[in-house]
1. Give me the extension gain from PHE52 to TYR90: residue separation times 0.36 nm, minus the current Cα-Cα distance, reported in nm with one decimal.
2. Take a quick pass over segment 95-140 and tell me how many lysine pairs come in under 19 angstrom between Cα atoms, counting only ones 8 or more apart or on separate chains.
3. Between LYS139 and ILE115, what is 0.36 nm times their sequence separation minus the Cα-Cα distance? Round to one decimal in nm.
4. Just to be sure I understand: with springs between alpha-carbon atoms less than 10 Å apart, which residue in ASN124, ASN93, ASN51 has the highest mean-square fluctuation in the Gaussian network model of the chain?
5. According to a simple spin-label model (label point 7 Å from Cα along Cα-to-Cβ), what is the distance in nm between ARG105 and THR125?
6. Regarding segment 95-140, what whole-number volume in Å³ per residue does the convex hull of its Cα atoms give?
7. Cβ under 10 Å from LYS71's Cβ, LYS71 left aside: what net charge do those residues give with Lys, Arg +1 and Asp, Glu -1?
8. If you put +1 on each Lys and Arg Cβ and -1 on each Asp and Glu Cβ, how big is the dipole of segment 95-140 around its Cα centre, in Debye rounded to 20?
Amino acid sequence: MTKELLDQADSIIEEIKDIKIRIKNIEKREKTILGDSVTGSEKEYPYIKRNFRINGVGNNLFSGKTKRQYKKMLKSKKYKYERIMKQIEYQLNYIKDSEIRRIIRYRYYDNLSWIQIQIKMKYNTEDTARKKIKRFFEKN
């Protein structure tokens, strides 16, 4: 397990969430019915001002083929990132010290600050967790 990979863990988790939202939005756009109201007048005299309601199907940003390719690309990215997160979790299980595992999860998964970790772990100073992680990465 490398520190660089752990540094990206929080970002990868957020990107997976973002990709899921994008896929849902693409699927939602397929079924979009739009409506609007416009102001106009009668064709003949007296030109009386009226409001007209118009409805229609929304213009999709992607054509059918492009949309499928984009969804496929997003799903493949999501799968790749989920595999990376599983790999991190798998390697995390082989750390014998439970305290180190908790600190890593708090810091890199939950993106907590050192002060928040100090409070959660009930340490006297915020440096305690930071020093433990530093020693762990120096050893391994």
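Throughout, read-outs are computed from the coordinates displayed, never taken from laboratory work. Computed from a prediction, not measured in an experiment: that's the story for all the values here. Neighbour counts run over all protein chains shown; Cβ positions are idealised from the backbone, glycine included.
1. Contour length minus Cα-Cα distance gives 7.6 nm.
2. Final tally of qualifying lysine pairs is 11.
3. That works out to 6.2 nm of additional length.
4. Of the options given, ASN51 has the highest mean-square fluctuation.
5. Simple spin-label model gives 2.7 nm for this pair.
6. Spread over its residues, the Cα hull of segment 95-140 gives 66 Å³ apiece.
7. That works out to +4.
8. On the way: 13 positive and 6 negative charges, 30 e Å.
The dipole of segment 95-140 has a size of about 140 debye.
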